[in-house]
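This report concerns only the one structure given below.
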Amino acid sequence: MDSKLDAELSKLDPAVPFRASSTHLHHTWAKTFYSRPELYIRPHSLEEIQKLVTLARRCRRRLVMVGCGHSPSALTLTSSWMVNLDHCNRVLRVNEEKKTLVVEGGIRLRDLNLRANKMGLTMPNLGSIDEQSIVGAIATATHGSSTRHGLLSQSVRSLRIVLANGSAVRCSATQNEDLFRAALVSLGALGIIVEVEFEMIAACNIEWDQSLHSLPYILDRWDKDLWTTKEYTRVWWLPYMRRAIVWRADKTDKPLRAPVDSWYGGSVGFHTYHVLLWLSNYVPRILPAIEWFVFGMQYGFSNGATTSAVEELRTGLLMNCLYSQFVNEWALPLHKGPEAIARLSAWLNGDEAGSGIPFSSKGLYVHAPVEVRVSDTSPTSPRPFLDNTAADGPTLYLNATLYRPYNRDPPCRDRYYEAFEWLMKQLGGRPHWAKNFEFVSPAELKDMYGADLQSYLRVRADVDPEGMFVGEWHRRTILGADVPALPLEEREVRRRMMAEGGQMWDGEQRHNNNNAGNGDGHGSGAQTQEGRGRAQATADADKDKA
Ligand SMILES: Cc1cc2nc3c(=O)[nH]c(=O)nc-3n(C[C@H](O)[C@H](O)[C@H](O)COP(=O)(O)OP(=O)(O)OC[C@H]3O[C@@H](n4cnc5c(N)ncnc54)[C@H](O)[C@@H]3O)c2cc1C
């Protein structure tokens, strides 16, 4: 490999660096999956990105883009070449009238908001965190919680993508529309998204309050005003207490006001819950008591207890996601919510017959809270082909979170997730692309997405016919057996449990099985390539064909 890479590098412009190292250990945020890419490449410019694509094509390598690895699934694992755009994080252009910023694809949401704030602008909506890269976030249909907002990608006005042939192509609702619709939720399988034009709103504060309610109260208000009285609303359901915390926020002109400090709310509560979760891995039946104690201490033991604050929009929507976790989140029509929650509640509380879920819940105990959020993408046009939300009305997201205390898997996972996914499928749900869904076949996804999945696959095949951006995760989900194996596609060869928890993933490409098994800490050959680049020859596709 080394000599091939050297030979190909020598044909390209030495003035354009190829910044790669062979010692990178990649892992997901939750440390559930690890992999050792053969090369970890961190370009600083469009020219460097086009050069690395040319090299990958000539060296017959799969490319995997990674933002900050916050996707909980195996989506970003590779033993081939991994590319990260953290150094491509500039704001390129601002249009104050349209409130749009054109940014490079590696910018993190936090930095985007900080820089936009200096111009009096902010992102209109966020999920629970702002650490993701802008492209990573849109690639998996990341969402917040508001019936007045859709996916984060709803604010994307145009994109620029470097394709497998090295060309940099622009797309929008009016230019290359199919490519735009595929790229809005790309799953990393189209090419390298290098620029994003994003529409902001005027920077503002939000006033939020959160209060504890009984589950019957939540279900009763569901179709009335639960999701509509305020712009942003999310619910944390406590399944054994049959209660829920409702968090609601509206934009405000009021000055910042911090929430009242509670002695338990900070590190005491954080560590207490962590230790108790760890104990529950050995004695699961204590989980209902843990839920009562931990959430009572944090949010109060009686219904109606309330706290409130005024924060900037860019920080007020965020939350502390606590510990390593599995997350299994599904989108379903909002009106299915009461049925979904009532049936899951019955199942978790031992009423299997009443739940209509054909799996045993005997001796099974789960973690709280179950996250309940919403969006409404129905006004969005054009829609991403792989948008998992309802097209004709608001969407509910149910997120079955399972913590991994001190990186140790909880015992209930397989049975809980099999039953949960069965219920979600029965209610017309579709899984969040980034998360840990496990019981969904390519045939089921084909049914769920119909012609939209076919359109996505057609665009994908057009722009990446050799499968330079395709891996095992794509094969197991969207490609299935219908799409023939692709020359550069990477497949999984093994997973090993790590002593410290999590799995080490090894892959290989069809044409080159020497690439597998480099999980021993030495990579599979290539030396550090920092700043490398010799001789002159110009790349055959190192041109902007936009
Ligand atoms: C603590 C935590 C909280 C979260 N909260 C939410 C939430 O509130 N709502 C929600 O919907 N999701 C949430 N997520 C999921 C998260 O938003 C998504 O997994 C998101 O995709 C992660 O972004 P990333 O930058 O880490 O991308 P990665 O996970 O690194 O990559 C995601 C995908 O984007 C592709 N990609 C990355 N960069 C590029 C590029 N430049 N060009 C082409 N493809 C690219 C990758 O190949 C991959 O397919 C959360 C995750 C964590 C860990």
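The values are calculated or read from the model by the stated rules, or taken from the named source; none is laboratory data. None of these values were measured; they are calculated from a predicted model. Cβ atoms come from the backbone with ideal geometry, glycine included; neighbour counts cover every protein chain shown. Accessible surface is based on the protein model in full, side chains and every heavy atom, while ligands, DNA and RNA are left aside. Shrake-Rupley method; radii C 1.70, N 1.55, O 1.52, S 1.80 Å.
A few points about this structure:
- Residue count, the range 115-150 (criterion: of a type in the set (A, V, I, L, M, F, W, C), open to solvent by 10 Å² or more (accessible area, probe 1.4 Å), more than 19 Å from Leu190 (Cα to Cα) and within 12 Å of the ligand (Cβ to nearest atom)): 1
- Evaluation of Pro431 against (1) over 16 Å from Gly188 (Cβ atoms); (2) away from the ligand (no atom under 13 Å from the Cβ) (one fails), failing number: (2)
- Scanning the range 432-477 for residues that are open to solvent by less than 20 Å² (accessible area, probe 1.4 Å) and not in a loop (DSSP other than H, G, I, E, B) yields a count of 8.
- Sole residue being more than 22 Å from Ser146 (Cα to Cα), in contact with a Pro (Cβ under 9 Å, 6 or more places away or on another chain) and of a type in the set (A, V, I, L, M, F, W, C), chosen from Phe301, Phe270, Phe295: Phe295
- A single member of Trp81, Trp29 is within 22 Å of Glu195 (Cβ to Cβ) and aromatic (Phe, Trp, Tyr), and it is Trp81.
- Qualifying residue in the range 246-256 (condition: within 16 Å of the ligand (Cβ to nearest atom) and closer than 30 Å to Ser133 by Cβ): yes
- Of all residues making up the range 276-300, the number that are over 30 Å from Glu207 (Cα atoms) and within 27 Å of the chain's Cα centre (by Cα): 3
- Residue match in the range 156-175 (condition: assigned by TED's automatic domain parsing to the domain that holds Arg108, on the phi > 0 side of the Ramachandran plot, within 9 Å of the ligand (Cβ to nearest atom) and of a type outside the set (D, E, K, R)): no
- Scope the range 266-312; condition in contact with a Phe, Trp or Tyr (Cβ under 7 Å, 6 or more places away or on another chain), among the aliphatic types (A, V, I, L, M) and assigned to a strand (DSSP E or B); matching residues: Ala309
- Scanning the range 180-192 for residues that are within 13 Å of the ligand (Cβ to nearest atom) and within 21 Å of Thr380 (Cα to Cα) yields a total of 6.
- Complete set of residues in the range 71-115 that are hydroxyl-bearing (Ser, Thr, Tyr) and outside the structural domain of Ile192 (by TED's automatic domain parsing): Ser71, Ser73, Thr76, Thr78, Ser79, Ser80
- Across the range 77-91, the qualifying residues are those that are surrounded by fewer than 19 Cβ atoms within 10 Å (Cβ to Cβ) and not charged (D, E, K, R), and the one among them that is farthest from Ala164 (Cα to Cα) is Val91.
- Filter result for Glu47 (open to solvent by 30 Å² or more (accessible area, probe 1.4 Å) and either in contact (Cβ under 8 Å) with a residue 24 or more places away in the chain or among the polar types (S, T, N, Q) (or both)): yes
- Near pairs, Cβ below 6 angstrom, 6+ apart or cross-chain, from the range 326-343 (touching a residue at least 12 places away in the same chain (Cβ under 8 Å)) to any residue that is open to solvent by 30 Å² or more (accessible area, probe 1.4 Å) and in a strand (DSSP E or B): Ala331/Arg430
- Condition broken by Leu212, with the remaining ones in (1) touching a residue at least 40 places away in the same chain (Cβ under 8 Å); (2) open to solvent by 40 Å² or more (accessible area, probe 1.4 Å) satisfied: (2)
- Residue that is touching a Leu at 6+ places or on another chain (Cβ under 9 Å) and either under 30 Å from Gly120 (Cβ atoms) or at pLDDT below 95 (or both), where the choices are Leu63, Leu46, Leu75, Leu101: Leu101
- Residue among Lys251, Lys230 that is in a loop (DSSP other than H, G, I, E, B) and over 25 Å from the mean Cα position of the chain (by Cα): Lys230
Conditions tested, residue by residue: (1) of a type in the set (Phe, Trp, Tyr); (2) in contact with a Lys or Arg (Cβ under 7 Å, 6 or more places away or on another chain).
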position	(1), (2)
Leu55	no, no
Met65	no, no
Leu75	no, no
Thr78	no, yes
Trp81	yes, yes
Cys88	no, no
Asn95	no, no
Thr100	no, yes
Leu114	no, no
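- In a residue-by-residue description of the range 345-356, the property of being within 16 Å of the ligand (Cβ to nearest atom) and over 18 Å from Val246 (Cβ atoms) applies to no position.
- Matching residues in the range 50-75 - criterion: being in a loop (DSSP other than H, G, I, E, B) and surrounded by fewer than 20 Cβ atoms within 10 Å (Cβ to Cβ): Arg60, Cys68
- Hits in the range 88-126 (condition: polar (S, T, N, Q) and touching a residue at least 12 places away in the same chain (Cβ under 8 Å)): Asn89, Thr100, Asn113, Asn117, Thr122, Asn125
- Filtering Thr147, Thr174 for residues that are in contact with a strand residue (DSSP E or B) (Cβ under 7 Å, 6 or more places away or on another chain) and of a type in the set (Ser, Thr, Tyr) leaves a single hit, Thr147.
- Residues that are over 17 Å from Trp347 (Cβ atoms) and assigned to a helix (DSSP H, G or I) were ranked within the range 405-431; the one that is least open to solvent (accessible area, probe 1.4 Å) is Pro405.
- Output for the range 92-114, where each listed residue is over 21 Å from Asn320 (Cα atoms) and either surrounded by fewer than 16 Cβ atoms within 10 Å (Cβ to Cβ) or away from the ligand (no atom under 16 Å from the Cβ) (or both): Leu92, Arg93, Val94, Asn95, Glu96, Glu97, Lys98, Lys99, Thr100, Leu101
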